[in-house]
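The structure appears below as structure tokens.
Since every read-out is calculated from the coordinates, none of them should be taken as a lab result. All of these numbers come straight from a predicted model, not from anything done at the bench. Note: ideal-geometry Cβ built from the backbone for every residue, glycine included; neighbour counts use all protein chains shown.
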Amino acid sequence: MSDVPDGPETDTPVPPSPHLPPLQPSLPPLRPSLPPLRDVIARHGLAASKALGQNFLLDEQLLARIAAIPGPLEGKRVFEVGPGPGGLTRAALRAGAYVTAVERDARCLPALEELGAAFPGRLTVIEGDAMEVDACPLVGDGAHILANLPYNVGTALLVGWLSASWKPWWASLTLMFQQEVAQRIVAPAGSDHYGRLAVLAQWRSTAHIAMKVHRSAFTPAPKVMSAVVHIVPKEEPEGVKLPVLERITAAAFGQRRKMLRQSLKGVPGALEALAALGIDPQRRAETVSVVDYVAIARILSA
Ligand code: SAM
């Protein structure tokens with residue numbers, strides 16, 4: 001990649017956003033010299049806050065590999081939750097992205113302002129709680145979501161993005177989770193981690209673990225290992241209502257040790273749907289595939 005590109009790639013048009021400046025006709029160098037992240041943290045006094053789930057990534061090669069997971073970002077819009085001192089943010093900016101980031105910790109804002117100055121017109125930082133920010137109007141359709149998520153709100157944010165009306169406004173999700181959460185997202189039927197989150201993630205998306213990250217890569221190191229999950233939306237299966245699917249999986253996995261004939265008996269029409277589909281009611285929730293849950297939900301959505 002040239003250090004001084006003559007403009008963003010235009011293979012996917014970037015939708016206009018009222019909150020972002022127009023794309024610059026001539027871009028600044030993508031690799032301005034930046035101070036090491038450790039120095040940024042020290043200079044701005046960013047002692048990690050446990051309450052805000054702060055485990056920073058400082059290895060720039062690792063950050064560049066994570067930012068590469070969604071594919072080429074040149075000229076693309078990225079939405080980042082929790083930029084902190086800006087490690088993943090700078091990796092996305094260096095890849096040529098236009099980044100909008102929401103950060104709850106006001107202490108990080110001066111560091112992010114410096115980063116924005118090194119990439120003029122490329123970084124918009126919003127101080128706030130990502131749980132309360134409506135990102136779509138800020139970043140526009142087709143943005144890639146990229147985040148080393150704070151563990152305390154990570155799953156809730158994911159569920160919100162996956163529960164969006166389909167196709168969603170985001171083009172892909174590239175998200176760091178604790179490894180156990182990552183396994184629950186990608187789990188196949190029949191595995192220990194398979195449950196409601198796997199069905200929600202997989203019924204109209206593809207989800208896979210793109211990278212495992214050792215806990216020692218973080219500052220401070222968390223107690224557990226992490227993994228980056230990459231999720232890409234697919235077409236929505238026809239004739240299926242999400243609330244119906246959620247009702248079935250809540251009932252089935254709410255009593256996962258019980259047979260379906262017991263766990264689903266409170267869901268009107270569910271046992272008849274099992275019979276119509278030839279699914280043995282003596283099976284347990286974790287043995288039923290995503291495809292079969294979708295088929296049950298389709299019958300009950302009619
Ligand atoms: N992206 C940085 C990195 O990879 O080093 C920091 C990641 S750290 C795991 C999580 C970040 O999310 C912190 O900067 C924290 O302040 C921020 N954060 C925590 N809760 C948040 C929320 N509700 N909304 C927005 N940011 C939040």
**OP:** Would you please classify the overall shape of segment 242-301 from the alpha carbon gyration tensor, given that a ≥ b ≥ c denote the square roots of the eigenvalues, rounded means a/c under 1.5, and beyond that prolate means a/b larger than b/c while oblate covers the rest?
**Re:** rounded
Original post:
Where in segment 35-115 are there chymotrypsin sites (Phe, Trp or Tyr not before Pro) that are in a DSSP coil and have at most 10 other Cβ atoms within 10 angstrom of their Cβ?
Top reply: none
Original post:
Counting pairs on different chains as well as pairs 8 or more places apart, how many Lys pairs in the chain have Cα atoms under 30 Å apart?
Top reply: 12
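Order of 38-49, 110-121 by packing, highest average Cβ count within 10 Å first?
Numbers: 38-49: 14.8, 110-121: 17.7.
Most protected by this proxy first, the peptides run 110-121, 38-49.
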**OP:** With a/c under 1.5 counting as rounded, go ahead and sort the chain into rounded, prolate or oblate using the C-alpha gyration tensor (a ≥ b ≥ c being the square roots of the eigenvalues; past the cut-off, prolate if a/b is larger than b/c, else oblate).
**Re:** prolate
Original post:
Each residue of segment 93-109 in order: what ³J(HN,Hα) in whole Hz does its phi give by Karplus 6.51 cos²θ - 1.76 cosθ + 1.60, θ = phi - 60°, with x for Gly and Pro?
Top reply: 5, 5, 7, x, 7, 9, 10, 10, 10, 10, 10, 7, 8, 4, 4, 7, 4
Original post:
So what are the ³J(HN,Hα) numbers for segment 204-214, from phi and the Karplus equation (6.51, -1.76, 1.60; θ = phi - 60°), rounded to whole Hz, Gly and Pro as x?
Top reply: 9, 9, 9, 9, 8, 7, 8, 6, 9, 10, 5
Original post:
How long is the gain from V232 to A250 if the chain were fully straight, where each residue apart is worth 0.36 nm and the alpha carbon distance is subtracted?
Top reply: 4.1 nm
Subject >> MRE, 222 nm, helices only [DSSP H, n ≥ 4, -39500 (n - 2.57), over the chain, to nearest 500] >> reply: -9500 deg cm²/dmol
Subject >> Coil-residue trypsin sites (Lys or Arg not before Pro) of segment 210-302, DSSP, other Cβ within 10 Å capped at 15 >> reply: K223, K234, K241, R256, R257, K258, K265, R283
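Report the GluC sites (Glu not before Pro) located in segment 228-301 that are in a DSSP loop and have at most 15 other Cβ atoms inside 10 Å of their Cβ, or state none.
Here the GluC sites (Glu not before Pro) that fit, given the DSSP loop and packing criteria, are E235, E238.
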**OP:** Pop out the ³J(HN,Hα) list for segment 235-248 in order, Karplus 6.51 cos²θ - 1.76 cosθ + 1.60 with θ = phi - 60°, rounded to Hz; leave Gly and Pro as x.
**Re:** 4, 6, x, 6, x, 10, 9, 4, x, 5, 4, 5, 5, 5
